[in-house]
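The values are calculated or read from the model by the stated rules, or taken from the named source; none is laboratory data. Remember, it's a predicted structure, so these values are computed and weren't measured experimentally. Using ideal geometry, Cβ is built from the backbone for each residue, glycine included, and neighbour counts are taken over all protein chains shown.
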């Protein structure tokens, strides 16, 4: 017994040290409570939202909905008025939130997800919609979004660049884009209209350029984008 007992203790110590999944093991990768980004549900992207509850002649209440995240403790809903740039932010502990918005107005929205066990706050996709107004038959296009160059980007020196943008419309009747371009912070020089979402412009090294897109639909409705900018090396 004097020989076997120490040997048994030694074997037991080896087994305990090698045993996987013991408390001394750190958490496995991806098991840190990261809530992950959510998928948006309503209002649908590039749609006309007609399901709001009327608040008054100029406003309605919209209930935003998204899919839940398994590890989320809370959500933050961001809704931006695309006409004036005003943003509403509200927190929710469930997968929906109701906000009062202006009628006959374009908006974009997204949701960020938070968890007490994670320092990250993943952001969902950004969706756009028109909050419907009574008696409106045809809606103005959504303001165009810069595709290339991205806002604030620095591009390699060249003699020209192809500006590219994205335009959307609930009625799907966009007829023309008018581009304003120049070195002024508020570009006033029109480069004319185009049925395409791309236009070549001349550039020079060392300059910062600003550009803006006006979108026109078949009913004569228009929208104007934010001002985008880029620098040439």
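Summary of values
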read-out: Within the range 104-140, tally of residues that are in contact with a strand residue (DSSP E or B) (Cβ under 6 Å, 6 or more places away or on another chain), assigned to a loop (DSSP other than H, G, I, E, B) and closer than 19 Å to residue 214 by Cα; value: 2
read-out: Selection from the range 193-208 of residues that are under 19 Å from residue 143 (Cβ atoms) and assigned to a strand (DSSP E or B); value: 193, 194, 198, 199
read-out: Some residue of the range 32-48 being assigned by TED's automatic domain parsing to the domain that holds residue 93, outside any strand (DSSP E or B), closer than 27 Å to residue 137 by Cβ and free of Cβ contacts under 8 Å to residues at least 60 places away in the same chain; value: no
read-out: Complete set of residues in the range 62-93 that are farther than 17 Å from residue 43 by Cα and touching a strand residue (DSSP E or B) at 6+ places or on another chain (Cβ under 8 Å); value: 69, 72, 73, 74, 83, 86, 91, 93
read-out: Neighbours by Cβ (under 8 Å, 6+ apart or cross-chain): first from the range 188-202, farther than 12 Å from residue 165 by Cα; second part of a loop (DSSP other than H, G, I, E, B); value: 202/159
read-out: Tally of residues being part of a strand (DSSP E or B) and surrounded by fewer than 13 Cβ atoms within 10 Å (Cβ to Cβ) across the range 223-233; value: 0
read-out: Residue that is modelled with pLDDT of 95 or more and in the same structural domain as residue 77 (by TED's automatic domain parsing), where the choices are 124, 160; value: 124
read-out: Verdict on residue 217 being under 17 Å from residue 140 (Cα atoms) and surrounded by fewer than 17 Cβ atoms within 10 Å (Cβ to Cβ); value: no
read-out: Set 77, 89: member being assigned to a strand (DSSP E or B) and buried (at least 16 other Cβ atoms within 10 Å of the Cβ); value: 77
